[in-house]
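Student: Structure provided below as structure tokens; questions to follow.
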Amino acid sequence: MNKRLSIQRCCRISLYLVTAVLLISCKDAPEGNNQLTSTEKEQGWKLLFDGKTTKGWHLYNKGEVPSAWLVKDGALHCTDDAELEHGDLVSNEAYENYDLRFDWQLKADGNSGVFINVQESRENPTTWSTGPEYQLLGNEHPDMAKPTKRPGCLYSFMPQINEVAAKPAGEWNQARIVQENGKITFYLNDKLTAKEDLKSPQWKASVDSSNFKSFPAFGKISSGRIALQDWTKGVAFRNIRILNL
């Protein structure tokens, strides 16, 4: 085989390999937002938002009632309409060991959060009286000047481990919360932002010296409901999915 034929054969093989990779990638890609890939389905991922309804969620301590949480263009929005019933939206199911991922966006001066390990009961008046918070914040909100309240933080307890800014208003951010045996890790746009062991003496000491010390159930249990915070300036979510570990 001469040199020219050898080069042509190598080029054909390379082209076949590239084509095969592209076909596999396309096959595994979701058809759109709020869909799981074939790989995610095989791994056991579950959608917590179907892109059409609020099925699987309810208002904290109020049940499944009409509210300011509405679905528009495949995203779950909390509107700022004062005439609608407001409140934090919580999952119907409780979770303990999991990998939770979701997209979120806020207005430039917006403020919201996602709470984990929420203990829903009449004795606990709010989601944040029991559940630690993954902070969501717009880049023009005054709290951006406070290191422990920036997006991706374990709210009010520690600054970001790695500095990362939220994307501009109108763009979607990617968030991830992993909890396993009480150990939590937060990520924002693929960067690690927080780590904590909710069963450690250090965590207990941090809570005891914080503004949450007056809430006896705060941060005590490493399982519970997931909650989306109703706050000012509106917030939107999509692609909310979870994998039990």
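The values are calculated or read from the model by the stated rules, or taken from the named source; none is laboratory data. If you're wondering where the values come from, they're calculated on a predicted model, not measured in any experiment. The area values use the complete protein model at the heavy-atom level, side chains included, leaving out ligands, DNA and RNA. Shrake-Rupley method; radii C 1.70, N 1.55, O 1.52, S 1.80 Å.
Student: Between G170, G51, G234, which gets the highest mean-square fluctuation from a Gaussian network model of the chain, Cα cutoff 10 Å?
Tutor: Fluctuation is largest for G170.
Student: Could you order E123, E180 by accessible surface area, starting with the largest, using a probe radius of 1.4 Å?
Tutor: Largest accessible area first, the residues go E123, E180.
Student: Summarise the accessible area of the chain (1.4 Å probe, protein heavy atoms) by the percent that is carbon and sulfur.
Tutor: Of all accessible area on the chain, carbon and sulfur atoms account for 53 percent.
Student: Relative contact order (percent) for the chain, with alpha-carbon contacts under 8 angstrom and 6 or more residues of separation?
Tutor: RCO, the chain: 27 percent.
Student: Right, here's the next one. What order do L137, L47 take when sorted by accessible area (1.4 Å probe), most exposed first?
Tutor: These residues rank, largest area first, as L47, L137.
Student: Shifting gears a bit: Can you check what the Kirkwood hydrodynamic radius comes to for the stretch 154-245, Cα pairs only, in Å to one decimal?
Tutor: 15.1
Student: I would also like to ask the following. Any chance you could look up the accessible area of F218 with a 1.4 Å probe, heavy atoms only, rounded to 10 Å²?
Tutor: Around 0 Å² of this residue is reachable by solvent.
Student: Can you give the accessible area of W128 in Å² (nearest 10), computed on protein heavy atoms with a 1.4 Å probe?
Tutor: 100
Student: Lysines within cross-link reach of K149: Cα-Cα under 24 Å, excluding same-chain residues under 8 positions apart?
Tutor: Once the sequence-local lysines are set aside, what remains near K149 is K107, K167, K183, K191, K195, K199, K204, K213, K220, K233.
Student: Let me ask another. How large is the accessible surface of H86 in square angstrom, using a 1.4 angstrom probe and rounding to the nearest 10?
Tutor: 60
Student: Heavy atoms only, probe 1.4 angstrom, no DNA, RNA or ligands counted: give me D190, D81, D99 ranked by accessible area, highest first.
Tutor: Heavy-atom accessible area, descending, gives D190, D81, D99.
Student: Tell me, what does the Kirkwood hydrodynamic radius of the stretch 75-125 come to in angstroms if you use every pair of distinct C-alpha atoms?
Tutor: 13.8
Student: Taking only DSSP H segments of four or more residues, each worth -39500 (n - 2.57), what value at 222 nm results for the chain once the sum is divided by all its residues, to the nearest 500 deg cm²/dmol?
Tutor: For the chain, the value works out to -5000 deg cm²/dmol.
Student: Let me check the size of the stretch 46-165 from its C-alpha atoms; what are the radius of gyration and Dmax in Å?
Tutor: According to the Cα coordinates of the stretch 46-165, Rg and Dmax are 14.9, 40 Å.
Student: Accessible area per residue for the chain in Å², computed with a 1.4 Å probe and the full protein assembly in place, what is it?
Tutor: 54
Student: Quote the convex hull volume per residue of the stretch 89-245, based on C-alpha atoms, as a whole number of Å³.
Tutor: Considering the Cα atoms of the stretch 89-245, their hull volume per residue is 102 Å³.
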